[in-house]
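Before any comments, here is the structure.
The values are calculated or read from the model by the stated rules, or taken from the named source; none is laboratory data. Source: prediction; values computed, not measured. Backbone-built Cβ (ideal geometry, glycine too); neighbour counts: all protein chains shown.
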Amino acid sequence: MVESKKNPKADLTRTSGLFLNVGLVISLLLVIFAFEKKVWDDGSQVNLQAQTEDFEDLMDIPQTQQPPPPPPKQIQPEIIEVPDEEEIEEDIEIDLDVEMTEETVIEEVVFEEAPAEEEVEEIFTIVEDQPEPDGGMAAFYQYVQKKLKYPAQARRMGIEGKVFVQFVVGKDGTLTEVQAVKGIGAGCDEEAVRVIESAPKWKPGKQRGRAVKVRMILPITFKLG
């Protein structure tokens with residue numbers, strides 16, 4: 001057999017091709033391992049999220065409800081017992097034994113009548129027939145002029161004017177309740193009242209045909225001559 005000669009260059013070429021093939025295989029294994037690891041990591045994340053969502057769906061969150069406030073406490077009215085009125089234990093002796101005989105006289109009970117109220121006669125101011133003095137008002141003023149005395153004080157002070165005298169003509173014509181309701185002073189008021197009080201009776205006033213009291217007012221003039 002003819003032994004082939006060992007060629008170093010051929011051995012180097014063979015060794016280089018072997019290392020190249022081993023390197024390719026290792027690279028391919030690394031690539032495959034890297035892909036498988038990525039897919040495994042993604043799958044675990046997806047599964048974890050799905051499990052989390054499923055867990056949240058399964059949780060039942062109860063609705064919070066606040067209990068209503070308790071009703072206000074009712075205060076019952078206090079009942080105070082009032083003691084009964086004290087009974088007065090006193091023996092009252094009532095003698096009902098009355099002997100009645102034929103000679104017994106029963107006095108008749110007489111009720112006194114209430115005193116009759118005094119009727120206050122109405123005093124009119126306007127009547128159907130007005131009272132008037134004898135001879136009319138002209139004759140009455142002539143009488144006043146004759147009887148009237150001018151007071152010295154009023155004459156010295158030069159006071160003049162009218163004094164209004166009020167009086168009541170009675171049923172018989174008498175002049176009563178004479179008073180000066182508006183005067184001028186200096187003695188004139190008193191003089192006018194004096195003259196009217198001393199005047200003779202008038203003819204009384206009449207209402208529905210009967211004599212009545214009538215209140216009148218007359219002016220008495222004081223004037224220096």
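Within the range 215-225, count every residue that is surrounded by 13 or more Cβ atoms within 10 Å (Cβ to Cβ) and either more than 16 Å from ASP134 (Cβ to Cβ) or small (Gly, Ala, Ser) (or both).
Final tally of qualifying residues: 4.
Hey, can you tell me all the residues within the range 184-196 that are in a helix (DSSP H, G or I) and buried (at least 16 other Cβ atoms within 10 Å of the Cβ)? Break it down into steps so the answer makes sense when it comes.
Looking only at the range 184-196, we keep the residues that are in a helix (DSSP H, G or I), and these are 188-196.
Answer for the range 184-196, where residues must be in a helix (DSSP H, G or I) and buried (at least 16 other Cβ atoms within 10 Å of the Cβ): CYS188, ASP189, GLU191, ALA192, VAL193, VAL195, ILE196.
Taking into account only those residues within the range 197-214 that are surrounded by fewer than 16 Cβ atoms within 10 Å (Cβ to Cβ) and of a type in the set (D, E, K, R), which is nearest to GLY158 (Cα to Cα)?
That would be GLU197.
Restricting attention to the range 151-170, and to residues there that are assigned to a strand (DSSP E or B) and touching a Leu at 6+ places or on another chain (Cβ under 8 Å), which single residue is surrounded by the most Cβ atoms within 10 Å (Cβ to Cβ)?
Checking each candidate, the answer is VAL169.
Before we move on, is ASP129 within 16 Å of PRO219 (Cβ to Cβ) and of a type in the set (D, E, K, R)?
For ASP129, the condition - within 16 Å of PRO219 (Cβ to Cβ) and of a type in the set (D, E, K, R) - is not met.
If VAL181 satisfies every condition in (1) loosely packed, with under 14 Cβ neighbours inside 10 Å; (2) of a type in the set (A, V, I, L, M); (3) over 55 Å from the mean Cα position of the chain (by Cα) but one, which is the exception?
Of everything listed in (1) loosely packed, with under 14 Cβ neighbours inside 10 Å; (2) of a type in the set (A, V, I, L, M); (3) over 55 Å from the mean Cα position of the chain (by Cα), VAL181 misses just condition (3).
Among ALA139, ALA199, which is of a type in the set (Gly, Ala, Ser) and either at pLDDT 95 or above or part of a helix (DSSP H, G or I) (or both)?
ALA139
Between PHE222, PHE164, PHE140, which is under 26 Å from GLU121 (Cα atoms), of a type in the set (Phe, Trp, Tyr) and out of contact with any His (no Cβ under 6 Å at 6 or more places or on another chain)?
Just one listed residue meets the conditions, PHE164.
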